[in-house]
Amino acid sequence: MSGADSTVGTRRELHIERLVAGGDALARDEGRVVFVDKALPGETIEAELVEVKRDFARARMLRVTEASPDRVVPPCRHVAEGCGGCDWQHLAASMQHDAKVAVVREAFARTARMPEAPIVRGGAVGHEASRTTVRMAVTPNGRLGFRRAASHDTVDIERCLVMHPLLQELVSSVGVRGEGEVTLRCSAATGERAVWSHDKARVLGLPDDVAAGAAAVVHEDVAGARLRVSMSSFFQASLQAAELLVDAVARAAGDSLDGRDGIVVDGYGGVGLFAATVVPIGVQCVLVESSESACSDAYENLRGRSAKVMHTRFEHWRAQRAGLVIVDPARSGLGKPGVTTLLDTAAPTVVLVSCDAVAAARDARLLVDAGYDLVNAEVLDLFPHTHHVEVVSQFVMR
Ligand SMILES: C[S@@+](CC[C@H](N)C(=O)[O-])C[C@H]1O[C@@H](n2cnc3c(N)ncnc32)[C@H](O)[C@@H]1O
């Protein structure tokens, strides 16, 4: 065992400096950075070291000795039972959005080396139960539940704070046989519901209205567009989240949406959320998406528009010149391959939607080094009670 490892299991008093991307809090112990869960900036806590590396350590919170004024008792009782679904319930709801803005500022300052980045607070979904897509796990009691924090174990869910009532009703009434994970989805507009078991689990006692399987669909209405969403396609976590994103992307895209500078590219376009709502009818658009299911939804959703759906990975797509590129990659971001394709479009305006603060900063640095200016980065809070953040950044070519 190395000298560093021998301190695992020992207790420490820690003073928390700040929250970091990923949701943990950061403290320093004899100069070494320590990440700890469930702590807040300004707090003094007692914690146990659970992992010690040369450059950093991880600690488990034991007790708070000096609490932040922003600390609250988690409003959902399942948090005390270990549910890992919402990791920021100990932070007052009114403070969560500002905390996310601070995390994004820090990521741009450190990762992008842009301490002066124009980062602003954008829209937030309300704290009422609005999530229309949830991925749950089968519990040993034959119910649907969520995973415990940092564990494969599960917690039965009686009443989830963030789940749409149409899904809550389903979770309360069905049983499940087997093992694995199940996605539940409903439409806030039509009331349609569907379930998709990813593994061998069988959901029992489904009400007659509930469709089942990877190919089952619901239809959601966003900003005037009706969108078909298959169970195996990605869709935003709630109708409010989709509407706020559409609004932020439309504002960031601005005049470049009129098609005068060239076509619009909706990269990582999913079922066509942006292509169907933000891009005016008549303006040529190319949607690039790697999932077959999302592409077939997009094909349906963009019928009657001047839109082409390209079923390929963005980084493999033979880029066309464009006036505007909207890109909404998965958590890892665009990275160099995605940015290389984007540069091949020579688009004067780029709107980057990021669901990870560090990936947003990394991609911003790549774009700035390649000749773009960051005009504005809006931080949206689409996942209340969690650390998850969405950043919509506007870039223009220098
Ligand atoms: C965060 S979602 C955004 C989808 C859409 N913009 C929306 O808001 O509903 C990312 C999408 O990118 C797709 N995707 C993941 N990796 C990809 C890649 N390398 N190239 C193209 N699409 C990809 C996923 O299937 C998913 O639909």
Filter region 284-306 for residues that are in contact with a helix residue (DSSP H, G or I) (Cβ under 7 Å, 6 or more places away or on another chain) and over 14 Å from Arg226 (Cα atoms); the one that is most open to solvent (accessible area, probe 1.4 Å) is Glu289
Checked against (1) more than 26 Å from Ala361 (Cα to Cα); (2) open to solvent by less than 60 Å² (accessible area, probe 1.4 Å), Ala253 satisfies every condition except (1)
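Residue check: is Pro69 of a type outside the set (D, E, K, R), farther than 17 Å from Pro384 by Cβ and open to solvent by 20 Å² or more (accessible area, probe 1.4 Å)? Break it down stepwise before answering.
Numbers: of a type outside the set (D, E, K, R): yes; farther than 17 Å from Pro384 by Cβ: yes; open to solvent by 20 Å² or more (accessible area, probe 1.4 Å): yes.
It is true that Pro69 is of a type outside the set (D, E, K, R), farther than 17 Å from Pro384 by Cβ and open to solvent by 20 Å² or more (accessible area, probe 1.4 Å).
In this structure, does Glu300 turn out to be within 13 Å of the ligand (Cβ to nearest atom) and either modelled with pLDDT under 95 or of a type in the set (Asp, Glu) (or both)? Steps first, answer last, please.
Values: within 13 Å of the ligand (Cβ to nearest atom): no; either modelled with pLDDT under 95 or of a type in the set (Asp, Glu) (or both): yes.
Here the answer is no, as Glu300 does not meet what is asked.
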The residue from Ala117, Ala124 that alone is in contact (Cβ under 8 Å) with a residue 24 or more places away in the chain, under 18 Å from the mean Cα position of the chain (by Cα) and on the phi < 0 side of the Ramachandran plot is Ala124
Over region 311-320, the set of residues closer than 16 Å to Val264 by Cα and near the ligand (Cβ under 9 Å from one of its atoms) is Phe314, Trp317
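Which residues, taken from region 221-276, are β-branched (Val, Ile, Thr) and within 19 Å of Arg331 (Cβ to Cβ)?
If we filter region 221-276 for residues that are β-branched (Val, Ile, Thr), which is where we start, we get 222, 229, 246, 249, 263-265, 271.
Within region 221-276, Val249, Val271 meet the criteria.
In region 110-198, which strands (runs of 3 or more DSSP E) lie fully inside it and hold 2 or more residues that are within 30 Å of Leu366 (Cβ to Cβ) and open to solvent by 30 Å² or more (accessible area, probe 1.4 Å)?
On the way: elements: 119-124, 133-138, 144-147, 154-156, 175-177, 181-186, 193-197.
In region 110-198, the matching strands (runs of 3 or more DSSP E) lie at 119-124.
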- Query: Right, Asp221: more than 10 Å from the ligand (Cβ to nearest atom), within 30 Å of Pro165 (Cβ to Cβ) and open to solvent by 10 Å² or more (accessible area, probe 1.4 Å) or not?
  - Reply: yes
Residue count, region 258-280, condition more than 13 Å from the ligand (Cβ to nearest atom), buried (at least 21 other Cβ atoms within 10 Å of the Cβ) and assigned to a helix (DSSP H, G or I), comes to 0
The condition from (1) in contact with a helix residue (DSSP H, G or I) (Cβ under 9 Å, 6 or more places away or on another chain); (2) surrounded by fewer than 16 Cβ atoms within 10 Å (Cβ to Cβ); (3) of a type outside the set (S, T, N, Q) that Asp328 misses is numbered (2)
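The values are calculated or read from the model by the stated rules, or taken from the named source; none is laboratory data. It should be emphasised that the depicted structure is a prediction, and the values quoted were computed from it without experimental measurement. We place every Cβ from the backbone using ideal geometry, glycine too, and count neighbours over all the protein chains shown. These area figures cover heavy atoms from the full protein model, side chains too; ligands, DNA and RNA do not enter into them. Shrake-Rupley method; radii C 1.70, N 1.55, O 1.52, S 1.80 Å.
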